[in-house]
Amino acid sequence: MIKKESRNKNRLIRHTRVRRNISGTKEMPRLNVFRSNNGIYAQVIDDTTGTTLVSSSSRSLKLANGGNIEAAKLVGKDIAEKCKKAKINKVVFDRGGYLYHGRVSALADAAREAGLEI
């Protein structure tokens with residue numbers, strides 16, 4: 001009998017598989033995305049030192065509905081603006097094991113439109 005795993009456990013397995021190849025440096029940090037039913041979160045991480053350089057979320061922006069595509073676009077725009085202030089121009093995109101679709105792609109597209117190179 002095959003044991004069915006949870007969706008989040010499968011996502012974490014995909015995330016670790018992707019993280020084998022993706023790593024952020026000081027020159028080109030990693031833009032990590034986490035989404036939940038109620039919100040979306042983005043962090044720019046330098047993996048060499050293990051520090052978060054910039055972060056943004058639908059909760060920090062105090063959005064009424066943080067679980068939709070419009071909120072993801074606002075978070076993407078906000079993270080790009082914060083990266084510009086921190087003099088970060090290029091990042092490596094880490095989708096966190098999620099499909100590059102919907103809110104995840106909306107966040108990445110909004111960050112690109114705001115001037116961040118992904």
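The values are calculated or read from the model by the stated rules, or taken from the named source; none is laboratory data. Model, not experiment: these values are computed from the prediction. Reconstructed Cβ throughout: ideal geometry from the backbone, glycine too, with neighbour counts over all protein chains shown.
Which members of segment 60-101 meet the condition of being outside any loop (DSSP other than H, G, I, E, B) and farther than 18 Å from residue 28 by Cα?
First, pick out the residues of segment 60-101 that are outside any loop (DSSP other than H, G, I, E, B): 69-85, 90, 92-94.
Result: 69, 70, 71, 72, 73, 74, 75, 77, 78.
Please verify whether segment 73-90 includes one or more residues that are surrounded by fewer than 13 Cβ atoms within 10 Å (Cβ to Cβ), out of contact with any Lys or Arg (no Cβ under 9 Å at 6 or more places or on another chain), small (Gly, Ala, Ser) and on the phi > 0 side of the Ramachandran plot.
no
Run down 18, 54, 104 and say which single residue is out of contact with any Leu (no Cβ under 8 Å at 6 or more places or on another chain), among the aliphatic types (A, V, I, L, M), at pLDDT below 95 and outside any loop (DSSP other than H, G, I, E, B). Break it down into steps so the answer makes sense when it comes.
On the way: 54 fails: at pLDDT below 95; 104 fails: at pLDDT below 95.
Step by step, each of 18, 54, 104 is checked, and only 18 is out of contact with any Leu (no Cβ under 8 Å at 6 or more places or on another chain), among the aliphatic types (A, V, I, L, M), at pLDDT below 95 and outside any loop (DSSP other than H, G, I, E, B).
Output the residues belonging to segment 56-66 that are surrounded by fewer than 16 Cβ atoms within 10 Å (Cβ to Cβ) and within 15 Å of the chain's Cα centre (by Cα). Outline the logic, then answer.
Initial filter on segment 56-66 (surrounded by fewer than 16 Cβ atoms within 10 Å (Cβ to Cβ)): 59-62, 64-65.
Answer for segment 56-66, where residues must be surrounded by fewer than 16 Cβ atoms within 10 Å (Cβ to Cβ) and within 15 Å of the chain's Cα centre (by Cα): 59, 60.
Given the residues 20, 11, 7, which is the only one that is touching a residue at least 12 places away in the same chain (Cβ under 8 Å) and charged (D, E, K, R)? Lay out the reasoning, then the answer.
Numbers: 20 fails: touching a residue at least 12 places away in the same chain (Cβ under 8 Å); 7 fails: touching a residue at least 12 places away in the same chain (Cβ under 8 Å).
Only one candidate passes the filter, namely 11.
Which of the residues belonging to segment 15-52 are of a type in the set (A, V, I, L, M) and either closer than 13 Å to residue 76 by Cβ or crowded, with 19+ Cβ neighbours inside 10 Å (or both)?
At the first step, the residues of segment 15-52 found to be of a type in the set (A, V, I, L, M) are 18, 22, 28, 31, 33, 40, 42, 44-45.
Across segment 15-52, the qualifying residues are 31, 33, 40, 42, 44, 45.
Please give the number of the condition residue 39 fails out of (1) more than 22 Å from residue 69 (Cα to Cα); (2) in contact with a Ser or Thr (Cβ under 7 Å, 6 or more places away or on another chain); (3) touching a residue at least 24 places away in the same chain (Cβ under 8 Å).
Failed condition: (1).
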